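Novice: Below you'll find the structure I mean.
The values are calculated or read from the model by the stated rules, or taken from the named source; none is laboratory data. None of these values were measured; they are calculated from a predicted model. All Cβ positions, even for glycine, are placed from backbone atoms using ideal geometry, and neighbour counts span all protein chains on display.
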């Protein structure tokens with residue numbers, strides 16, 4: 001299965017609630033690489049690479065309501081993988 005790169009901007013109350021830690025844990029369970037990064041405007045940027053099906057699972061989880069905090073919107077973009085990511089980290 002071909003790998004892809006998912007860029008997801010997560011809006012809502014997603015900082016200071018363990019959101020990045022849980023995103024990292026879920027991504028690692030799925031075997032994805034990337035990072036979850038807080039931004040000054042209150043959003044969290046999630047960049048992940050791996051098989052499309054696993055990225056779709058991560059995206060569904062981000063939108064599920066089962067995340068810490070309260071997600072109000074997730075805006076995603078799909079790109080070819082760059083292959084420059086190792087592990088999954090919180091930033």
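Novice: Would you tally the residues in the range 13-29 being outside any loop (DSSP other than H, G, I, E, B) and more than 14 Å from residue 54 (Cα to Cα)? Before the answer, list the steps.
Specialist: Step one: filter the range 13-29 for residues outside any loop (DSSP other than H, G, I, E, B), giving 13, 19-29.
Adding the requirement that they be more than 14 Å from residue 54 (Cα to Cα) leaves 13, 19-22.
So the count comes out to 5.
Novice: Just one of (1) surrounded by 15 or more Cβ atoms within 10 Å (Cβ to Cβ); (2) at pLDDT below 95 trips up residue 1, so point out which.
Specialist: Single failed check for residue 1: (1).
Novice: Do we have residue 37 as in contact with a helix residue (DSSP H, G or I) (Cβ under 9 Å, 6 or more places away or on another chain), at pLDDT below 95 and either surrounded by 15 or more Cβ atoms within 10 Å (Cβ to Cβ) or part of a strand (DSSP E or B) (or both) here?
Specialist: Details: in contact with a helix residue (DSSP H, G or I) (Cβ under 9 Å, 6 or more places away or on another chain): yes; at pLDDT below 95: no; either surrounded by 15 or more Cβ atoms within 10 Å (Cβ to Cβ) or part of a strand (DSSP E or B) (or both): yes.
Against the criterion (in contact with a helix residue (DSSP H, G or I) (Cβ under 9 Å, 6 or more places away or on another chain), at pLDDT below 95 and either surrounded by 15 or more Cβ atoms within 10 Å (Cβ to Cβ) or part of a strand (DSSP E or B) (or both)), residue 37 does not qualify.
Novice: Sticking with this structure for a sec: Can you pull out the residues in the range 45-80 that are surrounded by 12 or more Cβ atoms within 10 Å (Cβ to Cβ), touching a residue at least 12 places away in the same chain (Cβ under 8 Å) and part of a helix (DSSP H, G or I)?
Specialist: The answer is 52, 54, 55, 57, 58, 59, 61, 62.
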